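Okay, handing you the structure first.
Bear in mind these aren't lab numbers, they're just calculated from the coordinates by the rules spelled out. Computed from a predicted structure; not experimentally measured. As a convention, Cβ positions derive from the backbone with ideal geometry for all residues, glycine included, and neighbour counts pool all protein chains shown.
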């Protein structure tokens, strides 16, 4: 099974924010994901993670929150899931599939 999780999580309270940037908090989450061994892709608006089970995906969300909770009294998060049985490696293959179609479209 492949669970693609796209999420963003960051503090909204003034007690943890220095101006408009939240990169110091997002970097904590990215470091945790990297150390977990899960495949991921950081994007400007969030992070996409691929796991083999829903439990693993939910554990990443819980651990992400744990990175911010000690310092932040309010945290915002947005999550999307794409769950598919019998597949794996979709973090890369979904993009490759679209690129392949684009190549055929440009050639013709």
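If I build a Gaussian network model for the chain, linking alpha-carbon pairs within less than 10 angstrom, which residue out of 26, 48, 75 has the largest mean-square fluctuation?
Of the options given, 75 has the highest mean-square fluctuation.
P(r) tail for region 1-53, what percent of Cα pairs lie past 17 Å?
40
Stokes-Einstein diffusion coefficient for the chain at 25 °C in a medium of 0.890 mPa s, Rh from the Kirkwood formula over Cα pairs: what value in µm²/s? Present the calculation step by step, with values, prior to reporting the outcome.
Working: Rh = 15.2 Å.
Rounded, D is 162 µm²/s.
What order do you get for 60, 95, 33 when you list them from fewest to most C-beta neighbours inside 10 Å? All intermediate terms of the calculation are to be shown ahead of the outcome.
On the way: 60 22, 95 11, 33 19.
The most exposed by this proxy come first: 95, 33, 60.
Between 86, 37, 46, find the one with the highest GNM mean-square fluctuation for the chain; connect C-alpha pairs within less than 10 Å.
86
So for 91, 5, fewest C-beta neighbours within 10 Å to most, what's the order? Each step should come with its number before you reach the end.
Numbers: 91 16, 5 23.
Ascending number of Cβ neighbours within 10 Å: 91, 5.
While we're here: List the relative contact order of the chain as a percent without decimals, with contacts defined as Cα pairs under 8 Å and 6+ residues apart. Walk me through the numbers on the way to the answer.
On the way: 144 pairs, mean separation 49.2, N = 108.
The normalised contact order for the chain reaches 46 percent.
With every atom except the alpha carbons ignored, what do you get for Rg and Dmax of region 65-106, in angstroms?
17.8, 51
Given R₀ = 25 Å, what would the calculated FRET efficiency be for residue 65 paired with residue 27, taking r from the Cβ atoms and rounding to 0.05?
Numbers: r = 15 Å, r/R0 = 0.61.
Taking R0 as 25 Å, the efficiency between residue 65 and residue 27 is 0.95.
Now for a separate question. Stretch residue 41-residue 56 to full length: gain in nm at 0.36 nm per residue minus the Cα-Cα span? Walk me through the intermediate numbers first.
Values: separation 15, 0.36 × 15 = 5.40 nm, distance 1.63 nm.
Full-extension gain reported as 3.8 nm.
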